[in-house]
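Written out below as structure tokens is the structure these notes cover.
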Amino acid sequence: MGLCSTKELREQQKASREIDKSLEKPKSGKLEQSVLLLGPGESGKSTVLKQMSPEFEPTNQDILHIRMPTVGVTKVEVAFKNIKLTVCDCGGQRSERRKWHHLFDDTSAILFVAAISEFDQKLAEDDQMNRMEEAMNLFWRVFGGKYFNKSSIILFLNKIDIFREKIKTVQIRDHFVKFEGDNTYETGVRFFRRQFRDGLSPSFRKRMYTHETCAISDQVQLIINTVIDTVVQENLKDTGMI
């Protein structure tokens, strides 16, 4: 019994060390994650992408920051600590969206950016379409297909600073008839958060994480770090490592 217990203990310790190696990925390699950055035009995606750079400044040890513009897509590969993060920023205009599906394979997470401040604005391409309605329709279409069955869904309700100021003079109800309650920041954010979520199937809702962001503020750095943690943890769960 004692020998068996000792053997089992050694096996458990060995398995634990293997997991540690996979998480740490010393010099020989890094934990690789792929994030697809989506959203309609003018939602602030490019600013979100640029906000990563203060954390990912190039060094000889563990930081690599490369921009490779392709047709309608900006690809950024970043090695941060022990995580290699590949972010694909796809053009948000309607004419660019047909290119998105080429990037759907092996995606760990989708970071979808929507400008909550644009709830009263129309599209540049279609002056009859509300920008937030377009963002929600696009969000639902992306996650209504056969792709991303295991990917984490991260929604950035962006430009909250503009939204906070705008609702002092603009009524959300004038543009979204389903809106009920006081025209406050908290009620407005809760409404739009629920609108995005309710259009998803239950299986997708379980993997959805929402953040209120101002891409030009320092606080977004903390949110991006949280997002990276979420992506890594969900990926490790899927592989059975935690």
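The order of Glu133, Glu165, Glu118, going from fewest to most other C-beta atoms within 10 Å of their C-beta, is Glu165, Glu133, Glu118.
The charge dipole of the range 135-176, taken about the Cα centre with unit charges on the Cβ atoms of Lys, Arg (+1) and Asp, Glu (-1), comes to about 140 debye, rounded to the nearest 20. Sketch the reach of a paramagnetic label on Glu133 as a point 7 Å from Cα along Cα-to-Cβ, and name the residues of the range 154-176 whose backbone nitrogen lies under 12 Å away. Hits in the range 154-176 for Glu133 at 12 Å: 175-176.
For the residue pairs Lys122/Lys206; Lys45/Lys178; Lys166/Lys206; Lys122/Lys178; Lys50/Lys168, alpha carbon separations beyond 23 Å are given by Lys122/Lys206; Lys45/Lys178; Lys166/Lys206; Lys50/Lys168.
Laboratory data are not the source of any read-out in this text; all were calculated from the coordinates shown. A quick note: this is a predicted structure, and the numbers were derived from the prediction, not measured. Every residue, glycine as well, gets a Cβ built from its backbone with ideal geometry; the counts of neighbours run over all protein chains shown.
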